[in-house]
Protein chains: 2
Amino acid sequence: MSVGIRHDDLRRRNRAMVISAVRRAGQPSRTEIAATTGLSHSTISAISSDLIREGILAESKASEPVSLKRGRPQVGLALNPEAAAVLTVVLSLNFLSAAIIDYTGQVVAEEQRRLDTLTMPRDELIRECMAIVRRRLQDPDLDVRSVARIALAIQGITDSPARAMLWSPITPQTDIAFADMLEDEFGIPATVENDCNMMAVALRWRNPDRYRDDFIAILLSHGIGMGLVLKGELFTGTHSSGGEFGHMIHRPGGALCRCGRRGCIEAYAGNYAIWRNARQMSEESEPIADVSDADMRALAARAREKDGPEREAYRKAGEALGFGLGSLFALIDPAPVAMVGASAAAFDLIEPALRKAIAQTAGGQHSDSISFDTEPNELPLIREGCAMRALSFVDQEIFAPGAQMRPSVRKNVA
Amino acid sequence: MSVGIRHDDLRRRNRAMVISAVRRAGQPSRTEIAATTGLSHSTISAISSDLIREGILAESKASEPVSLKRGRPQVGLALNPEAAAVLTVVLSLNFLSAAIIDYTGQVVAEEQRRLDTLTMPRDELIRECMAIVRRRLQDPDLDVRSVARIALAIQGITDSPARAMLWSPITPQTDIAFADMLEDEFGIPATVENDCNMMAVALRWRNPDRYRDDFIAILLSHGIGMGLVLKGELFTGTHSSGGEFGHMIHRPGGALCRCGRRGCIEAYAGNYAIWRNARQMSEESEPIADVSDADMRALAARAREKDGPEREAYRKAGEALGFGLGSLFALIDPAPVAMVGASAAAFDLIEPALRKAIAQTAGGQHSDSISFDTEPNELPLIREGCAMRALSFVDQEIFAPGAQMRPSVRKNVA
DNA sequence: AGTATTTTTTCGAGGCTCGAAAAAATTAGA
DNA sequence: TCTAATTTTTTCGAGCCTCGAAAAAATACT
């Protein structure tokens, strides 16, 4: 059951709140922080002077835009870029990338690699991931001790404590405990995150006005994924990363899905399904392993050009997504949607059927007011999400810890 | 954004935690409370002596079962039944009931009435609800000032702040702001709750071992409703009570639903749908307004007796529920399910097809391990849920308030 | 230069939780 | 019956934390 609040938790939480206010606002003054947090000026003053002394925050000496106002000018507080760093790893189909991010969220160093994830044996896949991390950590420009967190994002299902990949479409391997491996090898706390969840996290940072408390990020790519934020919290399943929108049932007993089952939304709206329908192949036929982005672009071009099986394939995809969203909206009420991934560039072909379908559902009431954004490039989004997630962890668990500080990570302590 | 923790919040929250520990455990000693909350003995001692002085808790003088142990015997703390009372109102099809519940959750007084909700004009429906509340409050045995909260549960959709009924199958009327009306009339804070949500709340109180952090309560009755608890929290939509499981799409363009749309789960699994299929009427035919419980029992009996359209109707219901649950489990991962309502008595007819369907879904992996409980009688469950919800409000907002006490409600204050 | 204004820091007061020790209430054993 | 042991509960002082008020700091206006 939930536990009482101890006296020391109080400072911890308020510290975390100040850090998060600075991260969100950029360069807020102490007065602004007091206003947004509801704490008194004295408290903010005390906490921020602690944080500055510990090297977590710094007063921004930046050339202030003239304050115009009379009175003592506000002095902005900013995150100290050197307070810590995090490492992000993104593992997707045939592609591996890693980046070092400073405490303010800026990319410091980056590395990308192509590899054949589908055929790679388990050991080699793991070795490649560990190797790219090791190379980034050995960068001579980097103080390894400052790296406080590793976040690895992967397409597929992860467990809910974010310790392991359970299943992924990019490899036949299952149940890889990446987090434990990384922690054992490098002694840095690590998590394994679902790629779509990280997209959602990133969208909120990019556009907090649109993506605030409740929204949906859908990845349109070879498969269909979803990241869901409800009531300001990233939604995960009770045991897994959850939110397997692509495997909700669109038509019982319908088209064959990559997961081996029938009638999943993905079996109509994944790239392989659009391809299969555009080629007028049977819905029973085995999903192909990969369709290149170029092929999908060509398909979309033909669909735009003239009515035919290609256009019909996109229509079916839209219908599946629309009924699926309608069912989802019946559960959670309508919310803004972001369509992410290469196929989001073909959303013009998908949208009409999607809206028509959603209008036939209970969740699609006032379907005109439901708005869709598109973002064709998912990779930067995933990396940004990972970075923000890892940094939030540092903010909360390392710089505002419950028990005691991890002194190795802290710098500039008086 | 989230707000800082003030110093006085601390006591408030810990008070609330002590109260809730007592409500949960029944008669815990101070030592037990200290253990479950993680707070120190001194803190628990201080808080509980406050609560006793204020008449919220009382030391249970009850004949202790011999403690068997050496040492000073534990003295149990219990809720003071007279500390407050709440009023529950349940409005369902052709039926209205109200009850006064004491602070320990015991029913003190009760009243039930039949009324024709489907044809009743708006004013009369509202008048009936207000009247039953007024009669209960005028009971000479009751100290009106002790009534600290009214909770009204209604079949249908409520808004997420629990202030109004938005839509309900039991009446053609929409958008009735019951909470405001009750508060204006009686000066007692009120909420309007969804019936299935209250079922879920009650299930957790009845059987916290099975229904703890994640579970699903499904109402099988004329329509199909759901109450959902995720991560220990009652799940509601972003704008409405949400969780409209019955209106997820089972078959796009399929059977005509009571909501006017097509292919909803309810259009296969609601009583009217089972009836329609059993009578081999067209799936297009208009849903009938009501089927009596006796007729449904007769239908189930015939279905058990021999194969035929009745059995097939239950099979279709099971299929719809199974695919729907599969889609839901794809989103939230599998969780225990309670089937509530008169038709839960026919769950033996539904279960085989349900399990077969769910096994065909991604969410239905290991479908054998998904367990179903049945509870045919929903009304007591709804009332219990209302009572617990209202009492939790009193615990948290009145007896552990942030700003200041509401002196009118408090008794026995030194 | 002096005054008004706004931000930030300082300082004492009041609360809260905690640990240690004391007090209370019972059982086990002599 | 009396004493020692044991367990629960209360008491008390220490240490933090936040807050409000006042002071200090830093600028614009006149």
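The values are calculated or read from the model by the stated rules, or taken from the named source; none is laboratory data. Because the structure is a prediction, the values reported are computed rather than measured. We place every Cβ from the backbone using ideal geometry, glycine too, and count neighbours over all the protein chains shown. Surface areas here come from the heavy atoms of the whole protein model, side chains and all, with no ligands, DNA or RNA. Shrake-Rupley method; radii C 1.70, N 1.55, O 1.52, S 1.80 Å.
A few comments on the model shown:
- The figure for residue B:7 is an accessible area of roughly 120 square angstrom, using a 1.4 Å probe on the protein chains alone.
- Cut-off 13 Å between beta-carbons: net charge of the residues surrounding residue B:345, Lys and Arg +1, Asp and Glu -1: -4
- Shown for the stretch B:205-243: residues covered by the partner protein chains by 40 Å² or more of accessible area relative to the chain by itself (probe radius 1.4 Å), namely B:231, B:235, B:238.
- For chain B, the mean residue ellipticity at 222 nm estimated from helices alone is -12000 deg cm²/dmol, where every DSSP H run of n ≥ 4 contributes -39500 (n - 2.57) and the total is divided by all residues, rounded to the nearest 500.
- Dimensionless Rg/Rh of the stretch B:7-81 - Kirkwood Rh, Rg from C-alpha atoms: 0.97
- List A:311, B:72, A:136, ordered by accessible area with a 1.4 Å probe, largest first: B:72, A:311, A:136
- Site pair residue A:174 and residue B:312 shows an inter-label distance of 3.8 nm when each label is modelled 7 Å from Cα along Cα→Cβ.
- Dipole of the protein assembly as shown, positive direction: furthest Cα of A:147, A:332, B:199, with charges on the beta-carbon: A:147
- Share of alpha-carbon pairs per 10 Å distance bin for the stretch A:17-147, given as whole %: 11, 31, 23, 17, 12, 4, 1
- ³J(HN,Hα), Karplus 6.51/-1.76/1.60, whole Hz, each residue of the stretch B:246-251, x for Gly, Pro: x, 10, 5, 8, 8, 10
- Sorted shortest first, the separations between the residue A:376 label point and its copies elsewhere in the assembly read 6.2 nm; each point sits 7 Å from Cα along the Cα-to-Cβ line.
- Within 10 Å of each Cβ in B:328-339, the average number of Cβ atoms from other chains: 5
- Mean projection of the Cα convex hull over all viewing directions, computed for the stretch A:165-234: 5.8 nm².
- Seen from a random direction on average, the alpha-carbon convex hull of the stretch A:226-268 projects onto 3.5 square nanometres.
- Working from label points 7 Å from Cα in the Cα-to-Cβ sense, the residue A:52 to residue A:160 distance is 4.3 nm.
- Paramagnetic label zone (point 7 Å from Cα along Cα-to-C-beta, residue A:111; backbone N under 19 Å) in the stretch A:130-161: A:130-154
- Cβ-vector label at 7 Å, residue B:297, separations to other copies in nm: 6.9
- P(r) of the stretch B:175-297 over all Cα-Cα pairs, binned every 10 Å from zero, in whole percent: 13, 32, 31, 21, 4, 0
- Counted by Cβ distance under 10 Å from residue A:154, the other residues give a net charge of -2, where Lys and Arg count +1 and Asp and Glu count -1.
- Other residues with beta-carbon under 13 Å from the beta-carbon of residue B:254 carry, at +1 per Lys or Arg and -1 per Asp or Glu, a net charge of +2.
- Per-residue ³J(HN,Hα) for the stretch A:8-17, Karplus 6.51 cos²θ - 1.76 cosθ + 1.60, θ = phi - 60°, Hz, x for Gly and Pro: 6, 4, 4, 4, 3, 5, 6, 4, 4, 5
- Distance violations [Cα-Cα > 31 Å] among A:316/B:316; B:69/B:231; B:61/B:231; B:231/B:306: B:69/B:231; B:61/B:231; B:231/B:306
- Computed over the stretch A:90-159, Cα set: Rg, Dmax in Å: 12.9, 38
- For the stretch A:85-203: span of alpha carbons on each principal axis (Å, largest first): 36, 29, 24
- Heavy-atom accessible area per residue - the stretch B:207-377, 1.4 Å, Å²: 36
- Taking amide hydrogens as placed 1.01 Å from N in the peptide plane, the amide H of residue B:153 sits under 5 Å from those of B:89, B:90, B:91, B:193, each at least 5 positions away in sequence or on another chain.
- In units of the compact-protein estimate 2.2 N^0.38 Å, the protein assembly as shown shows a Cα radius of gyration of 1.02.
- Diffusion of chain A by Stokes-Einstein, at 20 °C in a medium of 1.002 mPa s and with Rh set to the Kirkwood radius over alpha-carbon pairs, works out to 93 µm²/s.
- Under-5 Å amide H pairs with residue B:95, H placed in peptide plane, nonlocal only: B:115, B:117
- Coil-residue trypsin sites (Lys or Arg not before Pro) of the stretch B:199-269, DSSP, other Cβ within 10 Å capped at 16: B:210, B:212, B:231
- Gyration tensor (Cα) of the stretch A:207-377, equivalent ellipsoid semi-axes in angstrom: 25, 18, 15
- Amide H partners (placed H, <5 Å) of residue A:240, local residues excluded: A:160
- For the stretch B:127-144, backbone phi angles converted through the Karplus equation (6.51, -1.76, 1.60; θ = phi - 60°) give residue-by-residue couplings of 4, 4, 5, 5, 5, 5, 5, 4, 4, 5, 6, 8, 3, x, 6, 10, 8, 4 Hz, Gly and Pro being listed as x.
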